[in-house]
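Before any comments, here is the structure.
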Amino acid sequence: MKHALTLIVLLPLVGFLLNGFLATRFGGNRVGKGFVTALACGLPIAAFLLTVACLVRLQEAGYQPLVDTAYTWALIGGRSFEIAFYFDRLTAVMTLIVTGVGSLIHVYSAGYMKEDESYARYFAYLNLFLFFMLLLVLGRSLLVLFVGWEGVGLASYLLIGFWFEDPEKAAAGKKAFIVNRIGDAGFLLGMFLLYQTVGTLDMDRINAAFNGATLPAVSASLVGILLFIGATGKSAQIPLYVWLPDAMAGPTPVSALIHAATMVTAGVYLVARLSGIYLHAPEASALVAGIGAATAFFAATIALVQTDIKKVLAYSTVSQLGLMFVALGVGAYGVAIFHVTTHAFFKACLFLGAGSVIHALSGEQDILKMGGLARKIPVTFVTFAIATAAIAGIPPLAGFFSKDEILWFSFASARGGSTFLWLVASAASLMTSFYMFRLLWLTFFGASRMSHEVEHHVHESPLSMTGVLAVLALLSAVGGFLALPHFLEPMLPLPAVVPALHHHERTLIGIAIALAFTGLAAAVFLYGGGARRAAALRGRFPLAHGLLLGKYFVDEAYDFLVSRPLLWLSDRVFLRLGDRVLLDGTLNGLAAWAQRTAGSLSRIQTGNLQLYAFLALAGVVAALVWTWAHV
Amino acid sequence: MFDAALLNIVVYLPLGGIALLLAAPAGQDAFVRRLTLGLMTLQLALVAWLYLRFDPTVAGLQFETRLPWIASWGVHYQIGLDGYNVLLVLMTAFLGPLVVAGAFTAIRKDVKLFYSMVLLIQFAMLGTFVAQDLFLFYVFWETMLIPMFLMIGIWGGERRIYATIKFFLYTAFGSILMLAAVIYLVLSLQSTTGITSFAFADLYRSQLPLDVQCILLAAFGLSFAIKVPMVPLHTWLPDAHVEAPTAGSVILAGVLLKMGTYGFMKLGFPLFPDATLAFTPAIMFLAVVSIVYGACVALVQTDIKKIIAYSSISHLGYVMLGLVSLNLYGIQGAVIQMVSHGLTAAGLFLMVGMIYERCHTRELADYGGLAKLLPVYSVFFAILTLASIGLPTTSGFTGEFLVLLGAFGAAWQQYELGSTLPLALASVAVSGVVLGALYMLWFAQRFLFGAAKAPHQPFGDLDLRERAILGIIVAAVFVLGLFPDEPMRKTELAAKQFQQLVGTSRTGVRAAGEPGRGPAASENGAPRFARAGTGSAP
């Protein structure tokens, strides 16, 4: 299997093409739906199995990266841009997450979207997403990665606006695409700069160039910052995070797959993949850590007060991504990927659990209108609870391990760790535990706040959904024992620890565990007993509550500072003043003047055709005579 | 020899077609349509054959015809294919049948005359691309103007007279300047070298002092810049598009605008390399202004045709940016971007025509949720929109990516030599990708999504003819996005020649401290160097 990697990428594309072209037309009936489902779920599973096979081969090859060149996209001036795929330890982890969690979410979707009239279109888009995501993680060069990068943005756009008849949902899709494009402009600049100064876009060669004896003649930090701008778009970091909460307009499995488990981690993958640059870019790394910490903190504060079940999870995702960037910023690349992995498990489980809740409640998303669901949908409850405990950092679940390592390196790494960074990250962790248990409590415990109508219809989801939840809950429980940083260490070494801080490690673990349980206790204390204490607290700080509930009014600020001035400039200055007054006005004025002065000349325009013909002929003759005379 | 004859046949086939059409009996509209479509398809087949036979390893002209025409003036009838025009000729022939088929139902008035005009303009456009003699080029160039003028004037919308006069004034103004410059150029070639010739190849060897080059480039450049069009010479374009029938818009956006950029590439820059270098920052500035300005104004249009018209200004800005970068990636990208814009703009204008035939309005506010009403239409529209904003895997990406890569690379080199402006401009151009996505996606959102509404419902989705037209365009868009290598090999030698021509000084005075920019590069440069060195410009 020389082209196994290409095949992994192409499998979902086949699903997209078949489902897109054939099934949308013939997929209305039961047989058609079965065909769509088999194709849409079967191909990602096949890609997953093929990835496992590739991993086995990678191991047999002594972890020498596998390379598979599909074709040459362009050859210019003797230098070629190749469509090639690259498989090493890091790719293996990412591809397994994408195809594995991706397959699970496809299966879940078969139940969740069963009643939707655009069933085939949904799966076509989902397969398209997988195709681009696999391009992104398997691409050898930044060019292929960028194709995937923009492509997942497209799939995300299509899926956020899946129910496009609702203008708000269509607008959310557009917003996601545009905000991502802002990041992409930075990405492009970084890519061009690399190509100009290093002479290649192959990421393994770029890393090698920066690790070589003579560094490329370009500031690693400049490249690093430009590429990181791209990462802030795709991975929803300050200042470009604003699209992700709105992206929850899409179907819930999409939020789980794209906006939690896979696509949004692309920025983390990018930085880890190009660690060769960031290792030589202390300024860029400090920026990555700083932005990550700030995002982790602020997003967590917003999540404290949100009441839409998906919005809480969305801000939680933004916050968790921030923690991953903290890890990247202090040089713990393998740890960041570890958190990507555990986060994929528990956040996918949480979103799909939320989907199951929404499914059971006939579309209700407001946690203030839930409560007491634990007994009514027990499988959803148990799996959701496990995932909540995992993200909160309760040992020995998955999140505890990965988050603890991030906190440790944010404190002790010799590459920019600091007490301040650790404090901010710990505060974010504490809040995470609080808002997640708050969410769990308001949804599943206490008295029911549902309307009678909704309560009557509450039902547990079908096996295709609960089965997936169970698998993801299991992974969320035991995923921490994977020891991924160790697996990745040969290519992504862990940063050195400041020796003087070594003995603090146990203390920090203790604090992390204490924070997780403090969050749990605080949530139960405030929201137990009818949430009276929470209401009292809210009453004492109405301004702070309003500020958080309004998400710091960042959207409004952007609208006021960016959107409106741009429209004003385009409409008033460019179109009305520039085009209409200055340019057309001048031309029309000239024309009017010409018409007046030409009035005197127009007397020769008698309307006599014979005269015109005679004049024309005379002109031709004159020209011919002149020509003849000069030969 | 056979192929050279074939190229002539390709060019004159439309003229033969006109004769056939005029001979056809009146009232046979269906026959006229099919005949024109057949001719255009035949032409495409012949061009495709030539394209396949075109040898990418040969620099210079292929399938050349060179016959004396007006011997006393040194005018030759000289045509041929080279890397500069081969893709544009293919694109023009490719769009021909689509334009004809696209107008099947839209044009019901004076059908015979209409298709004669389409054929005439096809003839003139192909002639302009293949001409290798400035006199011949100018004749074809002027010929293009008339059928376009008539097409808008006869089959246009309500304000067609204003639009045609504006179109005519702008382009005629440019043409007159160019004519004066052509005469001056040929006379000066004659006086400095003793050669009387209009052949491009000879003119490339002219030696002119910098100030003369600047004036001539300004004259040629104005004419070309009006055609492109570059801001601030663009205001004729939205009016012409809005009033033109669909076929007119498709030809205008698809091919005619490329005459401007092709003119710069084939004539303007290589004829006056030193002036080009002197003007580079200004041209680059105007290119970037066009990118941003066109995108911004497209953002606030309410007429769907105007949105696409302004988007053309923005997209052609990228072409100019790529050309002026003088970087191989940028030049190759510019050529691909020309073709890509030809495909996507043609497709989008055809689609505007299709919806207009159904609903008789172009007001964006009258539409919404077409994805529900016209699902097939919407899929095509979405694909072309995405190609237009340069999404990877589409032709738009290939063009934009390479242009920006080249522009940035050139600007970075300038930056390392101490000049910041090009880098700043290139960075602004890269940010242009955001604006492009902004106006097109906002357009698509209001047009395709939201609650379903349209002035006349219910109406049918695309029929087989329309699907075939768009399907062919979309296929080409993906081929150029996924496999641009093959076409780019055919243009690479020309791109290198362009780079070398513009990079070689021809003021006749050896520039001190600039190795490699002396006139010695041309084979018989030395005697001309001596003669021109006396400063004997006429």
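Among the residues of the stretch A:182-196, none is identified as open to solvent by 10 Å² or more (accessible area, probe 1.4 Å) and within 19 Å of A:Leu158 (Cβ to Cβ).
Let's see how each residue does on (1) within 21 Å of B:Ile331 (Cβ to Cβ); (2) open to solvent by 10 Å² or more (accessible area, probe 1.4 Å); (3) of a type in the set (S, T, N, Q):
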{"position": "B:Pro232", "(1), (2), (3)": "no, yes, no"}
{"position": "B:His241", "(1), (2), (3)": "no, no, no"}
{"position": "B:Ser249", "(1), (2), (3)": "no, no, yes"}
{"position": "B:Gly260", "(1), (2), (3)": "yes, no, no"}
{"position": "B:Thr280", "(1), (2), (3)": "yes, yes, yes"}
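Annotation note: of B:Val292, B:Val335, the sole residue that is open to solvent by 10 Å² or more (accessible area, probe 1.4 Å), in contact (Cβ under 8 Å) with a residue 60 or more places away in the chain and within 12 Å of chain A (Cβ to nearest Cβ) is B:Val292.
Sort out which residues of the stretch B:196-212 are over 19 Å from B:Tyr262 (Cα atoms) and assigned to a helix (DSSP H, G or I), and write them in order of number.
Residues satisfying the conditions are B:Leu210, B:Asp211, B:Val212.
Tallying residues that are outside any helix (DSSP H, G or I) and either of a type in the set (Val, Ile, Thr) or under 21 Å from A:Ala38 (Cα atoms) (or both) within the stretch A:458-488 yields 3. B:Asp211 falls short of the stated requirement of being among the acidic types (Asp, Glu) and either buried (at least 22 other Cβ atoms within 10 Å of the Cβ) or within 19 Å of the chain's Cα centre (by Cα) (or both).
Does A:Gly479 count as of a type outside the set (Asp, Glu), under 24 Å from the mean Cα position of the chain (by Cα) and open to solvent by less than 50 Å² (accessible area, probe 1.4 Å)? Yes; evaluated as a whole, the condition is true for this residue.
To keep it simple, each residue is scored yes or no on (1) buried (at least 22 other Cβ atoms within 10 Å of the Cβ); (2) part of a helix (DSSP H, G or I); (3) within 11 Å of another protein chain (Cβ to nearest Cβ).
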| residue | (1), (2), (3) |
| --- | --- |
| A:Ala120 | yes, yes, no |
| A:Leu126 | yes, yes, no |
| A:Leu130 | yes, yes, no |
| A:Leu135 | yes, yes, yes |
| A:Gly148 | yes, yes, yes |
| A:Gly153 | yes, yes, yes |
| A:Ser156 | yes, yes, no |
| A:Trp163 | no, no, yes |
| A:Glu168 | no, yes, yes |
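Of the helices (runs of 4 or more DSSP H) lying entirely inside the stretch B:213-311, those containing at least 2 residues that are farther than 30 Å from B:Asp202 by Cβ are B:236-243, B:246-251, B:273-299.
Each row is one residue, and each column tells you yes or no for (1) modelled with pLDDT of 90 or more; (2) open to solvent by less than 80 Å² (accessible area, probe 1.4 Å); (3) within 21 Å of A:Asp308 (Cα to Cα).
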position: A:Ala535; (1), (2), (3): no, yes, yes
position: A:Arg540; (1), (2), (3): yes, no, no
position: A:Leu543; (1), (2), (3): yes, no, yes
position: A:Leu547; (1), (2), (3): yes, yes, yes
position: A:Arg572; (1), (2), (3): no, no, no
position: A:Leu575; (1), (2), (3): no, yes, no
position: A:Arg580; (1), (2), (3): no, no, no
position: A:Asp584; (1), (2), (3): no, yes, no
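For the stretch B:166-194, which positions are crowded, with 17+ Cβ neighbours inside 10 Å, of a type in the set (A, V, I, L, M, F, W, C) and within 25 Å of A:Gln595 (Cα to Cα)?
B:Phe167, B:Phe168, B:Leu177, B:Met178
Annotation: of all residues in the stretch A:407-421 being modelled with pLDDT of 95 or more and farther than 15 Å from A:His502 by Cα, the one that is least open to solvent (accessible area, probe 1.4 Å) is A:Leu421.
Selection of the stretch A:368-391 for residues being open to solvent by less than 30 Å² (accessible area, probe 1.4 Å) and within 14 Å of A:Phe351 (Cα to Cα) yields A:Thr380, A:Thr383, A:Phe384, A:Ala385, A:Ala387, A:Thr388, A:Ala390, A:Ile391. Residues that are under 17 Å from A:Val137 (Cβ atoms), small (Gly, Ala, Ser) and surrounded by fewer than 18 Cβ atoms within 10 Å (Cβ to Cβ) were ranked within the stretch A:45-77; the one that is farthest from the other protein chains (Cβ to nearest Cβ) is A:Ala53. Of the residues making up the stretch B:355-372, just one is over 30 Å from the mean Cα position of the chain (by Cα), open to solvent by less than 20 Å² (accessible area, probe 1.4 Å) and more than 14 Å from chain A (Cβ to nearest Cβ), namely B:Cys359.
Would the stretch A:22-44 turn up any residue that is aliphatic (A, V, I, L, M), assigned to a helix (DSSP H, G or I), open to solvent by 10 Å² or more (accessible area, probe 1.4 Å) and within 19 Å of A:Ala344 (Cβ to Cβ)? Looking for residues that are aliphatic (A, V, I, L, M), assigned to a helix (DSSP H, G or I), open to solvent by 10 Å² or more (accessible area, probe 1.4 Å) and within 19 Å of A:Ala344 (Cβ to Cβ), one finds none in the stretch A:22-44, hence no.
The values are calculated or read from the model by the stated rules, or taken from the named source; none is laboratory data. Keep in mind that what you see is a predicted model, and the values were worked out from it rather than measured. Cβ coordinates were reconstructed from backbone atoms using ideal geometry, including for glycine residues, and neighbour counts include every protein chain displayed. Ligands, DNA and RNA are stripped out before the accessible areas are found, and what is left, the full protein with its side chains, is counted by its heavy atoms. Shrake-Rupley method; radii C 1.70, N 1.55, O 1.52, S 1.80 Å.
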